[in-house]
Structure formats: structure tokens, C-alpha cells
1. What FRET efficiency do you get for Met159 and Ala75 if R0 is 45 Å and r is their Cβ-Cβ distance, rounded to the nearest 0.05?
2. Which value, in debye to the nearest 20, gives the size of the charge dipole of segment 153-222 about its Cα centre, when Lys and Arg are +1 and Asp and Glu are -1 at the Cβ?
3. With the chain treated as a Gaussian network of Cα nodes joined by springs under 10 Å, which of Arg198, Arg178, Arg127 yields the largest mean-square fluctuation?
4. Give, rounded to the nearest 20 debye, the magnitude of the charge dipole that segment 49-124 has about its Cα centre when Lys and Arg contribute +1 at Cβ and Asp and Glu contribute -1 at Cβ.
5. What residue among Ile256, Ala184, Ala241 has its Cα farthest toward the positive end of the dipole of segment 174-260, where the charges are +1 on Lys, Arg and -1 on Asp, Glu, each on the Cβ?
6. Can you put Ser224, Ser70 in order of Cβ neighbours within 10 angstrom, beginning with the fewest?
7. Based solely on its DSSP helices, what 222 nm [θ] is calculated for the chain when runs of n ≥ 4 H residues each add -39,500 (n - 2.57) and the sum is averaged over all residues, nearest 500 deg cm²/dmol?
8. Please give me the summed charge of the neighbours of Leu85: other residues whose Cβ is under 13 Å from its Cβ, Lys and Arg +1, Asp and Glu -1.
Amino acid sequence: MTEQKIRFDDGAAYERMMGTWSRLAGDVFLDWLAPPAGLRWIDVGCGNGAFTERIVERCAPAEVHGIDPSAGQLAFARTRPASRLAVFGEGDAMALPFPADRFDAAVMGLVIFFVPEPKKGVAEMARVVRPGGIVATYAWDLPGGGFPLEPVLIELRAMGIQPTLPPSPEASRMDVLRALWTDAGLAGIATRQITVQRMFKNFADFWATLLLSPSNGPTINAMSARDRDNLKDRTRERLPADADGHIICGARANAIKGRRPE
């Protein structure tokens, strides 16, 4: 795959394209974490706040801080009901703007493969949680074909077009995640896979949503009309509709959690 800068600036477009997926996987992830109420959370790479909102709605936190480098995404996040509690601010996952021991839980949803140096990102999450605090992430299994748009990526490759990847795709592999958590000195490490499905009204709904992807939407839009139609037809064959015309897509994420030693 092609590795290049992927910009997330349009919070509304991201909401339609990835927000639903984030909530589907995020709910399973939070059930697995089973955190007590009243924790102080930091959501690293919060984007447009889709996962942050689930923390607010489901985990009864004492406070939540969402950190992201995109001003556009953060502007959308601040329009959410979660903003009644969550504080959203610009920041770098590899240099979090908080002192040590500040939080009870540091989480990163669908983000670690976007961090140029994942080891620094995990070390920063471990630094800002108190002893005994939770450090956890979930990420689409990119090398293993778990990305929600994998049916399209398969066909792009078959056409000789390399899909665009974030800077650290290997960081989503389970063995790499475990090594990152171990190297950060975290204890009680546990892992699991998260499998989710999303229903689209029809293929047109799926295709329109795909084109909002900041990674591969531009690649597809830049294709010739003939090649784009060919890709569309090939993808449609991979995603047969049910009797009502609905399209069901699946995705798979790898998750890991650990605690900073007491």
C-alpha cells in the first residue's frame, strides 16, 4: 500500500464514513474494559469525538479530555452532547500536553496506526496515567484485512492501484501491540479481537460513504470514469445485497489493555 499523509479535517464527513464504525467497535471495547465509574479519562486521537461520546454516555466518567491534531475534527466534537463534560483540545499523541499521573484511563480508538512512532504514543499514555491506571487501544487489523473498506482495497490492488495506508499500519497487529505494551512496562496485559458488522441501505449508500474516506476517497475520485466504474462493479460483486437491497459489511479490530504498575 501507499503510505502518505492522510488528513482528517471534515468532522461531518468523518462521522458518516467512520463514526458509526467507531461506535460499533468502541462499545465492544468498553464492555471488555469494564471500567468503574468516576474515572478521569484521556481519549488520545479523539477525532470528531465519536468514541469520546461513548465514554461519556456509558462510563460515568468524572472527566474526559479528548486530544487530536485536527482543528476541524475538534470543532465537530465540540458540537456533540458529550461536550457537556468532555474537554477537546489540540495535541500530539507523542507529546501529550498533561503532567504525569494525571488520568485514571488513557485510551486510543482506531488511531495507533496513524501515530508516526507508536512506541512514543504508548509511552505517553503510560506516563499520563496514575499507577494502577488503564492504558488501552483498539485498531483495525490493517495487515490482516480487518479494515471496513477491505472489499474495495482488494479490488484496487487487483487493478494495480495501491491503496493509501497510514504511517504505521503494522502497529495494529496483535503481536506488535503486545510488544508495545510490554516495552512500555505495562502489567496485566490482555488482548482480544473485536468483530463488528454495519448495514448500509443499499450499494449506493455504501459507495457514497466510501468516497468520504480521507485515505482512499481521493484515490478513487482521481481515477478515470472507466476505471472508477470498473472498480464499482467489481466491488458490488463482492458485496451482494440481501432481499431488501441492504449491504452488510464486516470489520475486525485488535484490542489490548494493560495497567501501569503500582
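Bear in mind that the values in this text are calculations on the coordinates, not laboratory data. Nothing here was measured: the structure is a model prediction, and the numbers come from that model. No Cβ is skipped: glycine too gets one built from the backbone with ideal geometry, and neighbour counts run over all protein chains shown.
1. Details: r = 36 Å, r/R0 = 0.81.
For R0 = 45 Å, the calculated efficiency reads 0.80.
2. 180 debye
3. Among Arg198, Arg178, Arg127, the largest GNM mean-square fluctuation belongs to Arg198.
4. Details: 8 positive and 10 negative charges, 43 e Å.
Result for segment 49-124 is approximately 200 debye, rounded to the nearest 20.
5. Farthest along the dipole direction, towards plus: Ala184.
6. Numbers: Ser224 8, Ser70 20.
The most exposed by this proxy come first: Ser224, Ser70.
7. Details: 10 runs with 91 residues, N = 262.
Taking each H run of at least 4 residues, the total per residue is -10000 deg cm²/dmol.
8. Values: positive: Arg40, Arg54, Arg58, Arg78, Arg80, Arg84; negative: Asp43, Glu53, Glu57, Glu63.
Here the count lands on +2.
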